[in-house]
Amino acid sequence: MADVARLAGVSASTVSRALSGSPLIPEATSQRIRELARQLNYKVNVGAANLRRRDVRTIGLMVLGDPMKAMSDPFLLSIVGAVADALDARGMNLLLSRVKSENPEQLATLVDSGQVGGLIVVGQLNWHDRLNQLAAAGLPLAVWGACLPDALYPVVGGDNLRGGYEATHHLIEQGCRQIAFFGDTRHPEVRLRHQGYVQALAEAGLHPNPQLHQVFQFGDTRLREVIDSWLDRQHDFDAVFAASDVAALSILGALGERRVQVPAQVRLVGYDDIAIAAHLHPSLSSVRQPSDSAGKALVELLLERMAGQPGRTIMLPAELVRRESSA
């Protein structure tokens with residue numbers, strides 16, 4: 001806005017009024033300002049303007065990937081609920097929307113149209129570079145995902161590397177040596193969990209066995225099929241570290257049907273510590289991610305960004321909760 005004002009020879013407030021269609025500005029001046037803004041590719045930050053006027057009432061939330069599959073994940077649902085609670089405490093509303101991988105411009109459209117003041121994005125998938133581009137262009141957003149060092153956007157995420165290390169170290173302490181890893185390392189969060197897994201193995205003088213690494217994607221409806229196919233190969237393993245509790249629950253069911261006893265024959269640790277984990281038989285050991293804190297932090301970082309403050313990262317602690325499945 002300062003650049004437009006300097007080139008037009010007017011004040012920044014005049015530019016603001018002209019771009020908002022104020023009748024107080026002569027039409028010739030407004031037209032000159034609009035043309036300069038177009039040439040400079042300047043767009044009004046609707047979220048910031050609304051925040052200054054204290055008119056922000058709605059924040060958009062988008063879950064990357066297939067929304068129907070993703071929203072079946074209990075942990076993602078807990079994040080959505082925590083964000084909604086944090087917004088409600090501030091007298092604000094939540095607009096849950098979907099975005100298709102082939103149309104990432106939808107993220108900016110929601111804000112540019114004035115439907116929402118800013119965006120909370122859950123997950124990164126392979127969108128890291130695109131999210132960086134949107135943040136560099138001034139789109140107010142905050143992301144739940146991996147805390148990547150080159151992220152230009154505000155991030156809230158768990159300490160995935162530490163979580164992966166703690167889970168694997170615990171299994172090694174229980175005497176396990178053939179520890180399988182279930183997860184897709186193309187996903188930034190899972191990649192960090194796998195790095196922690198590899199680190200713990202290395203400290204114990206162990207090496208990852210490629211045959212004991214099974215890829216699955218979050219929300220994949222064929223997860224049980226993937227697990228059964230892997231078990232049919234009869235690999236030699238004495239423990240499984242699953243990158244999500246949903247996968248761990250499916251593994252627990254598949255092992256039970258094959259009369260493999262957990263933890264007597266195979267020890268199992270999941271990730272996220274969803275509510276049902278404590279009520280299974282055997283109860284599931286899992287790395288806890290504090291969804292309540294995550295929701296509050298995401299809202300806090302987004303409002304900071306909408307107010308023009310620099311983006312920052314909040315890494316939440318990952319805590320291993322030991323239960324019967326790995327005892």
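The values are calculated or read from the model by the stated rules, or taken from the named source; none is laboratory data. All values derive from a computational prediction rather than experimental measurement. FYI the Cβ positions are ideal-geometry reconstructions off the backbone, even for glycines, and counts take in every protein chain you see.
So the values come out like this:
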quantity: Answer residue from the stretch 110-161, given it is crowded, with 24+ Cβ neighbours inside 10 Å and among the aromatic types (Phe, Trp, Tyr) and is nearest to Ser286 (Cα to Cα) among those; calculated: Trp144
quantity: Filter result for Ser325 (surrounded by fewer than 18 Cβ atoms within 10 Å (Cβ to Cβ) and polar (S, T, N, Q)); calculated: no
quantity: For Asp85: the one exception among (1) surrounded by fewer than 21 Cβ atoms within 10 Å (Cβ to Cβ); (2) touching a helix residue (DSSP H, G or I) at 6+ places or on another chain (Cβ under 7 Å); (3) at pLDDT below 90; calculated: (3)
quantity: Residue within the stretch 218-230 that is aliphatic (A, V, I, L, M) and modelled with pLDDT under 90 present; calculated: yes
quantity: Every residue from the stretch 273-327 that is on the phi > 0 side of the Ramachandran plot and of a type in the set (D, E, K, R); calculated: Asp273
quantity: Tally of residues being over 28 Å from the mean Cα position of the chain (by Cα) and either modelled with pLDDT under 95 or among the small types (Gly, Ala, Ser) (or both) across the stretch 159-201; calculated: 1
quantity: Selection count where residues are over 21 Å from the mean Cα position of the chain (by Cα) and either surrounded by 14 or more Cβ atoms within 10 Å (Cβ to Cβ) or at pLDDT 95 or above (or both), scope the stretch 280-294; calculated: 5
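A quick yes/no check of all residues on (1) modelled with pLDDT under 85; (2) assigned to a helix (DSSP H, G or I); (3) of a type outside the set (Lys, Arg):
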{"site": "Thr14", "(1), (2), (3)": "no, yes, yes"}
{"site": "Arg17", "(1), (2), (3)": "yes, yes, no"}
{"site": "Leu24", "(1), (2), (3)": "yes, no, yes"}
{"site": "Gln31", "(1), (2), (3)": "no, yes, yes"}
{"site": "Arg34", "(1), (2), (3)": "no, yes, no"}
{"site": "Arg38", "(1), (2), (3)": "no, yes, no"}
{"site": "Tyr42", "(1), (2), (3)": "yes, no, yes"}
{"site": "Asp55", "(1), (2), (3)": "yes, no, yes"}
